1. Please sort by residue number the trypsin sites (Lys or Arg not before Pro) in region 2-85 whose DSSP state is loop and whose Cβ has at most 15 other Cβ atoms within 10 Å.
2. Place +1 on the Cβ of every Lys and Arg and -1 on the Cβ of every Asp and Glu in region 19-102, take the dipole about the Cα centre, and give the residue among Ile74, Pro43, Gln26 whose Cα lies farthest towards its positive end.
3. Looking at [x] 2, 10, 15, 15, 18, 15, 8, 6, 4, 3, 2, 1, 0, 0; [y] 2, 13, 23, 25, 19, 10, 5, 2, 0, 0; [z] 2, 11, 15, 16, 16, 14, 12, 9, 3, 0, which value of P(r) over Cα pairs in 5 Å bins from 0, in percent comes from a calculation on the structure shown?
4. Please compute the Kirkwood hydrodynamic radius over region 51-106, one decimal place, Å, based on all pairs of different Cα atoms.
5. Could you size up the charge dipole of region 27-106 around its Cα centre, putting +1 on the beta carbon of Lys and Arg and -1 on that of Asp and Glu, and report it in debye to the nearest 20?
6. Pick from Met63, Met82, Met73: which is most flexible by mean-square fluctuation in a GNM of the chain where alpha carbon atoms under 10 Å apart are linked?
7. I need the GluC sites (Glu not before Pro) found in region 1-58, filtered to DSSP loop residues with at most 14 other beta carbons within 10 Å of theirs.
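Only the coordinates and a few stated rules stand behind these numbers; no lab work does. Fair warning: this is a prediction, and the values are worked out from it, not measured in the lab. Note that each Cβ is placed from the backbone with ideal geometry, even for glycine, and that neighbours are counted across all protein chains shown.
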Amino acid sequence: MHPLIDKLFKKRGIESVKDLSPDEKQTFEQWDSILSKDEITIPDIRQFCESQIAFIESKWKNMGIKNEEKSEMIPYHTVYKMIVSVIDATKVERGALEAQLNKLLE
């Protein structure tokens, strides 16, 4: 386990991964996977952001959660969506440039 995750567990009184809920286990596994690599890649960041977006959206669908709790997730959702948009923007720009260059070659 990465030292930062270990510190977080200690701070929150979590003794083992077994103590986590299924959603928390999923997040833990993603964090641990990312942090255990020597270098984090853009696809890793994108995957992490997409999983967090899906997690937040699944919480919004849960009728048992208060609206206040749902609204607290909006800034997180917005940031994750913006990060994915920035990552995708490079692909869009590249596609547009390739199309423009192909037209010049015609």
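1. Lys37, Lys66
2. My answer, from the dipole projection, is Ile74.
3. It is the one labelled [x].
4. The Cα-based Kirkwood calculation yields 13.7 Å.
5. Dipole magnitude for region 27-106 comes out near 300 debye.
6. Highest fluctuation among the options: Met63.
7. Glu15, Glu39
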